[in-house]
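Student: Below: one structure in structure tokens.
Laboratory data are not the source of any read-out in this text; all were calculated from the coordinates shown. Quantities reported herein were computed from a predicted structural model and do not represent experimental measurements. Cβ placement follows ideal geometry from the backbone for every residue including glycine, while neighbour counts extend to all protein chains displayed.
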Amino acid sequence: MGHHHNPSTAQPQDRFLTLAGCIFKIHPDYEDAARAAAVFKEEYWPNRNPDNPVIFHREDILYKRGAFGILADAKVKEGFDADLLGFLQRLKMVLIVVILDKQAHKEKYINADECYSWCLEMLLQRYIGFLHFVAGQKGDVMAEARGKIEDRTTMARYKSIYTEGGMFLDKERAQSCLTSREIKIKPKSANILGLQVADLVGPAVQRKILVEKGFQGDFEGTFHRKVYQAIEGKLNRNQSTGRVESYGEIFAP
């Protein structure tokens with residue numbers, strides 16, 4: 001969430017970029033999650049045309065757009081919110097969320113890299129660390145499409161990290177943990193559950209961090225807080241100390 005270009009204002013929605021990643025075991029965790037999502041959607045949108053699936057998109061939910069117009073009914077919204085929190089809480093996954101202060105990043109690095117690519121490398125570093133030290137397995141990577149030019153940049157950065165390594169990651173570790181030298185990029189319309197979950201939970205972690213850093217003042221009593229409570233235990237952490245900072249929650253200039 002947030003704009004991936006350099007900031008033009010100091011507003012939080014423009015100043016900060018958040019990139020969230022969800023780690024699932026395909027068998028059975030992701031398959032179970034996909035089935036649960038289908039049941040959830042069927043309950044609120046029965047007999048929906050499969051060629052026009054409902055896509056969980058935070059902004060559509062927030063502003064009650066499109067299929068989420070049903071949330072204009074307060075009773076329906078109350079039930080949907082409770083079911084959404086329950087759905088998120090039951091997911092078996094690991095979360096990594098990177099929050100970049102683009103203004104500070106630009107001030108600190110004269111030749112500041114493209115913000116999204118920087119966040120991607122930070123996320124990949126933690127993901128590969130999780131695969132190597134915790135899961136002992138290899139993993140795939142999928143990102144949401146942003147536009148032709150932006151997607152080419154993402155593909156080039158990912159391939160560069162895989163073949164040459166990055167500032168914080170050597171190529172041998174990347175190649176031993178990642179299944180492909182090419183990142184998969186899919187549009188929101190592809191109805192990929194992992195991308196939808198990342199879109200739903202990233203803002204809650206961002207709000208929590210920005211409140212802690214003094215950039216925003218409200219978290220307790222908000223729906224963001226409820227979402228965070230549902231997913232807090234899924235954040236990547238140091239296996240010895242339980243520390244989440246720098247493992248599941250990364251805030252950086």
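Student: In degrees, nearest 10, range 0 to 90: what is the angle between the Cα axis of helix 148-164 and the longest Cα principal axis of the chain?
Tutor: Tilt relative to the chain: about 50 degrees.
Student: Further question on the same structure: Compute the length gained on full extension between residue 189 and residue 73: take 0.36 nm times their separation in residues and subtract their Cα-Cα distance, giving the result in nm to one decimal. Please report the intermediate quantities before stating the final value.
Tutor: On the way: separation 116, 0.36 × 116 = 41.76 nm, distance 2.56 nm.
Roughly 39.2 nm would be gained on extension.
Student: Which whole-number percentage describes the relative contact order of the stretch 12-252, with Cα contacts under 8 Å and a sequence gap of 6 or more? List each step's numbers first, then the result.
Tutor: Numbers: 289 pairs, mean separation 68.8, N = 241.
About 29 percent, as a whole number.
Student: Which residue, chosen from 128, 79, 68, occupies the Cα position most advanced towards the positive end of the dipole of the stretch 67-137, where the dipole is computed from +1 (Lys, Arg) and -1 (Asp, Glu) charges on Cβ about the Cα centre?
Tutor: Looking along the dipole axis, the top candidate is 128.
Student: Please list, by residue number, every one of the chymotrypsin sites (Phe, Trp or Tyr not before Pro) in the stretch 181-253 that is coil in DSSP and has at most 13 other beta-carbon atoms within 10 Å. Kindly include the intermediate steps, with their values, before the conclusion.
Tutor: Values: sites: 215, 219, 223, 228, 247, 251; in loops: 215, 219, 247.
Here no loop site has a sparse enough neighbourhood.
Student: Place a point 7 Å from the Cα of residue 62 along the Cα-to-Cβ direction; which residues of the stretch 208-238 have their backbone N under 15 Å from it?
Tutor: Taking a point 7 Å out along Cα→Cβ of residue 62, the residues of the stretch 208-238 whose backbone N falls under 15 Å are 208-211, 216-219, 222-228.
Student: Further question on the same structure: Please list, by residue number, every one of the chymotrypsin sites (Phe, Trp or Tyr not before Pro) in the stretch 130-210 that is coil in DSSP and has at most 15 other beta-carbon atoms within 10 Å.
Tutor: On the way: sites: 130, 133, 158, 162, 168; in loops: 168.
Passing sites in the stretch 130-210 are 168.
Student: Also, I was wondering about something else. Just how large is the dipole of the chain about the Cα centre, in debye to the nearest 20, putting +1 at every Lys and Arg Cβ and -1 at every Asp and Glu Cβ?
Tutor: Details: 36 positive and 33 negative charges, 40 e Å.
Around 200 debye, computed over the chain.
Student: Which residues make up the longest stretch of the chain clear of trypsin sites (Lys or Arg not before Pro) that lie in a DSSP loop with no more than 13 other Cβ atoms within 10 Å, not counting the sites? Kindly include the intermediate steps, with their values, before the conclusion.
Tutor: Values: sites that count: 48, 65, 92, 181, 213, 243.
That would be 93-180.
Student: May I pose another question? Any chance you could run the full-extension gain for residue 106 through residue 48? It's 0.36 nm times the residue separation minus the Cα-Cα distance, nm to one decimal.
Tutor: 16.3 nm
Student: Using modelled amide H (1.01 Å from N, peptide plane; none on Pro or chain starts), what sits under 5 Å from the amide H of residue 165, excluding residues fewer than 5 places away?
Tutor: Amide H to amide H, under 5 Å and 5 or more residues apart or across chains, residue 165 pairs with 171.
Student: Could you work out how far helix 74-90 tilts from the main Cα principal axis of the chain, as a 0 to 90 degree angle to the nearest 10?
Tutor: Rounded to the nearest ten degrees, it is 40.
Student: Could you compute the longest span of the chain free of GluC sites (Glu not before Pro) located in DSSP loops and having at most 16 other Cβ atoms within 10 Å, not counting the site residues?
Tutor: The longest uninterrupted stretch comes out as 1-113.
Student: For the chain, with a Gaussian network of springs between Cα atoms less than 10 Å apart, report the residue from 47, 191, 238 with the top mean-square fluctuation.
Tutor: So, out of 47, 191, 238, the one fluctuating most is 47.
Student: Enter the mean projected area of the convex hull around the alpha-carbon atoms of the stretch 147-196, in nm², rounded to one decimal. Don't skip to the answer; put the middle values down first.
Tutor: Values: hull surface 16.6 nm².
Dividing the Cα hull surface by four gives the mean projection, 4.2 nm².
Student: How large, in Å, is the stretch 110-253 by the Kirkwood hydrodynamic radius built from its alpha-carbon pairs? Can you show the working numbers first?
Tutor: Details: mean 1/r = 0.0601 Å⁻¹.
The answer is 16.6 Å.
Student: If one takes the longest principal axis of the Cα atoms in the chain, at what angle in degrees, from 0 to 90 and to the nearest 10, does the Cα axis of helix 31-44 lie?
Tutor: Orientation of helix 31-44: about 40 degrees from the principal axis.
Student: Compute the distance in nm between two label points, each set 7 Å from the Cα along the Cα-to-Cβ direction, one at residue 179 and one at residue 239.
Tutor: Taking the simple label geometry, residue 179 and residue 239 are separated by 2.1 nm.
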